[in-house]
Each structure stands twice: as structure tokens, then as C-alpha cells.
Amino acid sequence: ESHTNGENKETRYLDGSVRLRNPHIELMDQDILYHLALGSESHDLVEMFGDVKFVCMGGTPKRMESFAEYIMSEIGHRLPTGTQLMDISQYSYRYSMYKVGPVLSISHGMGAPSIGILLHEVIKLMYHAKCRDPIFFRIGTCGGIGLDGGTVVISDDASDGMMNKYYQVPILGKIVKRPAKLDKKLARELKALSTPEDLYDTVTGTTMCADDFYEGQGRLDGAFCDYTEAEKMEYLERLRSAGIKNIEMEATTFAALTHHAGIKAAVVCVTLLDRLKGDQVCTPKEVLVEWQLRPQILVARYIKRYLQTK
Ligand code: R2B
Ligand code: URA
């Protein structure tokens, strides 16, 4: 048995602050954001995070630390004298979080459960801190379908491995399906920020979100494989015909939970390889590091543009 959650209306207050779709939270004496090592009573969340406008998430702590450094120089933000960039969630030993003025840079780990837990807590953080109209970005990596390695893919839609455009999660013994919707206007605005001078392509399309890196993405190089190369190629061609440009592991969860919370969101990933040509990531590390800057550059352009026109 399953049911689909209704569309979200009135998910934000009139001033743009995030309204929680959970009546229990405001009845609690305190809310401990366990995996962030923060709490509504132990920390002054309004003081610490009230000015946050952009939440940028990506898989690894290292990449999100360097994104924080990068965005700091891009927006010309200066830390108060005598202070340095630090991991606010250091003592959670789970996720890393950096704050640079209006920008939060947070690592989300790999896969739906990891980013799902984080999103619950970050959405509550937005609520406790009274952040107004925050915009969420996932800046990540992926496998491309018929795209050269190093191509930037902006998702305008997200589907799971069964080509369903929702995020599915068992709740109280029932499968709940939440529409995995991304902000198409935001995706178009990001696309418009790519330029012919970029030495790589930036494309828009549907992103497939798998629950596994190997069999779940049709790879032949996992510890197990019970299909043939021809079957793999047939599946990838089927994805390609459906407009799927890339495969990663968080897009449906990210799209569905932000949409459910009424938060504008976009997914921008760089392809590490063309899955029509292979399975192993064999590009040298230095090249991968350079490629991983590309989604960051695009999102930084958006943030800079936004802050300038305000
Ligand atoms: C992309 O890269 C990771 C797997 O290597 C996963 O988090 C994803 O979505
Ligand atoms: N991340 C994925 O999930 N898949 C890839 O092929 C590359 C990065």
C-alpha cells in the first residue's frame, strides 16, 4: 500500500521563513540537531545562522571546506579578525559545516539516507534560525550518459532507478512517495550563467538517482554482477532515450525533501566519466579535482549575482 503526499502549499511564512510541516517541534523544550552537533537551546541559532541565504551541499568534507574558502574569496567575505574558518559540526563526527557570511557549505556523505538525515536537520536549522527564503544547492559528482568527463549537468528533474520521479521512503510500514521536484526556473538561471568561455559543456537534463554505485548504476565492476554487458548497455540506452543525462546518488531525496519544505533547490554535478564508455573512474586525481571545481564555479556565479543585485 502506498500514498502520495499532496503538493506543498503554505510551506513558508509570509516573510519567507521556513515553516515546519511537523506540529511536534514547537511543543518540544529543545530540539537537538544531533548530527550537526547543534541544539535550539544550547546554541543561539538565530544569532549564528539567521543571515543564511544559501545552503550548499556536496559529498565530502574536504570539498565543502575548499568550497567555503573559494566562495569566501569570490564574494569578498572577511572573517572577523582573529578568527578562522572552522567546521561548526566538527564534534558530530558525521558531517562538516562551514559558514561564510550568507553561505553554508555542508558535506552530506553518500546516498539517500545520509543526505536525508542531513536535510531533516538543516531544514529544522533554517526554521529555528528564522532564515528567509533560503536556496539550497547540491554541488556534486556523477557519471554521465553520452557526455565527456568534465561536463557540468544541471538537473531539471530527478528520477530513481525505476524512472519514477519521486523519492520513496517507508514510513510506519507504508511506502510514502514524495515528488522529486526541482526549481526549473533556478535550473534555467544557472544554465544562463554558463558561458562559451568555459572550456567545458554545461547541459541541463534529468538526473537518475541510484541507491548504489555498482549494480544500482549498471556497473560491471562491482563485487557482484548478474547481467551481461549487452544488458547493461540496453539499460543505459533506455535511460538516455528518457532524457537522463547523468547518474548519482542523492538527487531524488534532495529534490523531494526541499520541495516538501517549500525550499528552492538545484542540483549541479560534474561527470567523472561517460558511462557509455566504461565503469571505472580512471581519470587522474589532479584532473578530477579541477573538474570538481566546475559546479562550484557555476553556483558561485549565481550567489555573486544574487548578492550584487540586492
Ligand atoms: C556521487 O558520487 C558519490 C559516489 O561516488 C555519490 O555520493 C554521488 O552521488
Ligand atoms: N558518482 C556516482 O554516483 N556515479 C558515478 O559514476 C560517478 C560519481
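The values are calculated or read from the model by the stated rules, or taken from the named source; none is laboratory data. In this text, all values refer to a predicted model and were calculated from it rather than measured experimentally. When we count neighbours, we look across all protein chains shown, and the Cβ atoms used for this are built from the backbone with ideal geometry, even at glycine.
In segment 1-118, which strands (runs of 3 or more DSSP E) lie fully inside it and hold 3 or more residues that are closer than 22 Å to residue 305 by Cα and in contact (Cβ under 8 Å) with a residue 12 or more places away in the chain? Ranges flagged: 54-58, 97-100, 103-107. Candidates 150, 218, 144: the one that is among the small types (Gly, Ala, Ser) and either without any contact (Cβ under 8 Å) to a residue 60 or more places away in the chain or within 17 Å of residue 302 (Cα to Cα) (or both) is 218. Condition check: aromatic (Phe, Trp, Tyr) and within 16 Å of ligand 1 (Cβ to nearest atom). Does residue 214 satisfy that? Spelling it out, residue 214 is indeed aromatic (Phe, Trp, Tyr) and within 16 Å of ligand 1 (Cβ to nearest atom). Considering only residues in segment 99-113 that are small (Gly, Ala, Ser) and more than 13 Å from ligand 2 (Cβ to nearest atom), the one that is surrounded by the most Cβ atoms within 10 Å (Cβ to Cβ) turns out to be 105.
Looking at segment 275-287, is at least one residue within 12 Å of ligand 1 (Cβ to nearest atom) and under 20 Å from the mean Cα position of the chain (by Cα)? No. Residues in segment 164-187 that are under 18 Å from residue 263 (Cβ atoms) and surrounded by fewer than 16 Cβ atoms within 10 Å (Cβ to Cβ): 2 in all.
Restricting 64, 72, 48, 86 to residues that are crowded, with 20+ Cβ neighbours inside 10 Å and within 23 Å of the chain's Cα centre (by Cα) narrows the list to 64.
Restricting attention to segment 199-220, the residues that are within 11 Å of ligand 2 (Cβ to nearest atom), surrounded by fewer than 21 Cβ atoms within 10 Å (Cβ to Cβ) and in a loop (DSSP other than H, G, I, E, B) total 5.
For segment 120-138, the set of residues classified as part of a strand (DSSP E or B) and either surrounded by fewer than 21 Cβ atoms within 10 Å (Cβ to Cβ) or in contact with a Leu (Cβ under 8 Å, 6 or more places away or on another chain) (or both) consists of 132, 135, listed by residue number. The number of residues in segment 4-50 being modelled with pLDDT of 95 or more, small (Gly, Ala, Ser) and over 20 Å from residue 132 (Cβ atoms) comes to 3. Among the residues making up segment 9-63, a single one is among the hydrophobic types (A, V, I, L, M, F, W, C) and within 16 Å of ligand 2 (Cβ to nearest atom): 57.
Conditions tested, residue by residue: (1) farther than 18 Å from residue 305 by Cα; (2) of a type in the set (A, V, I, L, M, F, W, C); (3) assigned to a loop (DSSP other than H, G, I, E, B).
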| position | (1), (2), (3) |
| --- | --- |
| 141 | yes, no, no |
| 146 | yes, no, yes |
| 155 | yes, no, no |
| 159 | yes, no, no |
| 167 | yes, no, no |
| 175 | yes, yes, no |
| 185 | no, no, no |
| 191 | no, no, no |
| 195 | no, no, yes |
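Summed over segment 99-110, the residues that are under 28 Å from residue 210 (Cβ atoms) and touching a strand residue (DSSP E or B) at 6+ places or on another chain (Cβ under 9 Å) give a count of 5. In summary, residue 290 fulfils each of the numbered conditions (1) more than 15 Å from ligand 1 (Cβ to nearest atom); (2) more than 21 Å from residue 148 (Cβ to Cβ) with the single exception of condition (2). Could you tell me whether any residue of segment 268-277 is in a helix (DSSP H, G or I), more than 16 Å from residue 154 (Cα to Cα) and within 12 Å of ligand 2 (Cβ to nearest atom)? No, segment 268-277 has no match at all.
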